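The values are calculated or read from the model by the stated rules, or taken from the named source; none is laboratory data. Small disclaimer: the values here were computed from a predicted structure and weren't measured. Quick reminder, even Gly has a Cβ in these numbers, built from the backbone with ideal geometry, and neighbours come from all protein chains shown.
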Amino acid sequence: TSYKLLLLPGDGIGPEVMAEVEKVVAWLGKAGLATFETETDLVGGAAIDVHGKPLADATLAKADAADAILLGAVGGPKWTGVAYENRPEAGLLRLRKELGLFANLRPAICYPALASASALKPELVEGLDMMIVRELTGGVYFGEPKEITTLPDGSKRAVDTQVYTTAEIERIAHVAFDLARKRSGRVASAEKNNVMKTGVLWKEVVTRVHQEHYAEVELEHVLADNCAMQLVRRPKQFDVLVTDNLFGDVLSDVAAMLTGSLGMLPSASLGAIDAKGTRKALYEPVHGSAPDIAGKGFANPIAMIGSLAMCLRYSFGLGDAADQLDAAITRTLASGARTRDIASKGGKVISTAEMGDAILRE
Ligand code: NAI
Ligand code: MG
């Protein structure tokens, strides 16, 4: 089979790190591990420059038809003047919304060679390999009403509304438990049922999905504030951590800082499984367009290449190829190869392209 991949490099360092992914994609084909049909299109500021908006309808149609989407990053100072609903980030939000990408997977992996770059003591993070599963299309970021009104005395009142339905919690719970089956078999679910009704429902639904379908998986409930503390105190206690949109946003950024550099972290955003057993999926690094280093050739391509590894694993069931790619990244780092963001004392700093080549050699 040949898989249809849509590449959306975007802005800033996006195209630079995507170029390294293209090398890996070509290599996978030559090695007979996977064949891809790739197409490249514009998103974000690059699309604004050409189409006047950050995601053209034709691009969305291509995204809908693709087996998976790889995105670099969007945004940059060049487009700060454009209208809010037309800013570069709106292109990415529209993609997530239109494709129904409700499950955001963010691994936090601490490579042994980089443990000393963590915000924590190396022994607390060495060997850390956890997966945060964040609900991405519901909760307080989308609930209605959402408004700022003026009160009779002239002061204001702001409202955001946290809403979750049984169906929304069920489908994200399934994603988390399915993942746990393929990993260590442990799930922690974070909410605040002590002060929030959505937390009460979240805990109830996760508990039921667990009992009905995944009794062999170990489930633990943890209050979200305690979870933040535990992530910093003893992060290796977690394997799969499932939580809502808001808590997931915050907790995944905490987890990111345990691992060293933003340039190392991949992510996946998955939609529902359809009748054919396939699902929409977008893979992207966690970092942004890094305008401060764009065009200089020293961005770290590992987050982007790791996003391709997640794509192989979760969209195409190519776990062996994904394992090989992940192992190549680990060996490359162990050999001392470093881009500037992860440079260590005495190590040799190499370019984006050299890092891509080094990973290919491994
Ligand atoms: P950023 O992630 O682009 O950069 C933060 C810092 O990390 C910078 O110092 C940057 O040089 C460094 N960095 C990030 N990725 C790196 C890599 N691969 N290798 C080496 N160093 C790396 O976040 P920032 O500066 O807050 O945002 C810049 C632009 O990116 C903004 O327009 C923002 O809206 C956008 N953005 C886009 C995202 C996306 O496309 N998903 C996510 C986050 C921000
Ligand atoms: Mg965030």
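Points to keep in mind about this one:
- Long-range neighbours under 8 Å by Cβ, at least six apart or interchain, first residue over 24 Å from residue 2 (Cβ atoms) and assigned by TED's automatic domain parsing to the domain that holds residue 13 within the stretch 29-53, second surrounded by 15 or more Cβ atoms within 10 Å (Cβ to Cβ) and of a type in the set (Val, Ile, Thr): 44/74; 45/74; 47/59; 48/82
- The stretch 235-253, residues that are touching a Leu at 6+ places or on another chain (Cβ under 7 Å) and within 16 Å of ligand 1 (Cβ to nearest atom): 245
- Any chance residue 55 is modelled with pLDDT of 95 or more, within 16 Å of ligand 1 (Cβ to nearest atom) and either in contact with a strand residue (DSSP E or B) (Cβ under 6 Å, 6 or more places away or on another chain) or assigned to a helix (DSSP H, G or I) (or both): no
- Residue satisfying condition, being more than 13 Å from the chain's Cα centre (by Cα), closer than 22 Å to residue 142 by Cα and among the hydroxyl-bearing types (Ser, Thr, Tyr), within set 259, 243: 243
- Where strands (runs of 3 or more DSSP E) fall entirely within the stretch 238-314, those with at least 2 residues that are within 16 Å of ligand 2 (Cβ to nearest atom), more than 20 Å from residue 89 (Cβ to Cβ) and not acidic (Asp, Glu) are at 240-243.
- Residue in the stretch 338-354 that is on the phi < 0 side of the Ramachandran plot, in a helix (DSSP H, G or I) and within 16 Å of ligand 2 (Cβ to nearest atom) present: no
- Annotation note: of 84, 111, the sole residue that is crowded, with 19+ Cβ neighbours inside 10 Å, more than 30 Å from residue 273 (Cβ to Cβ) and away from ligand 1 (no atom under 12 Å from the Cβ) is 111.
- Scanning the stretch 83-110 for residues that are farther than 18 Å from residue 271 by Cβ and either assigned by TED's automatic domain parsing to the domain that holds residue 242 or touching a strand residue (DSSP E or B) at 6+ places or on another chain (Cβ under 9 Å) (or both) turns up 88, 107, 108, 109, 110.
- Whenever a residue of the stretch 57-84 is farther than 18 Å from residue 288 by Cα and touching a residue at least 24 places away in the same chain (Cβ under 8 Å), its partners that are crowded, with 17+ Cβ neighbours inside 10 Å and of a type in the set (Phe, Trp, Tyr), lying with C-beta atoms within less than 8 angstrom and at least six residues away or across chains, give the pairs 67/3; 67/316; 68/3; 68/283; 68/316.
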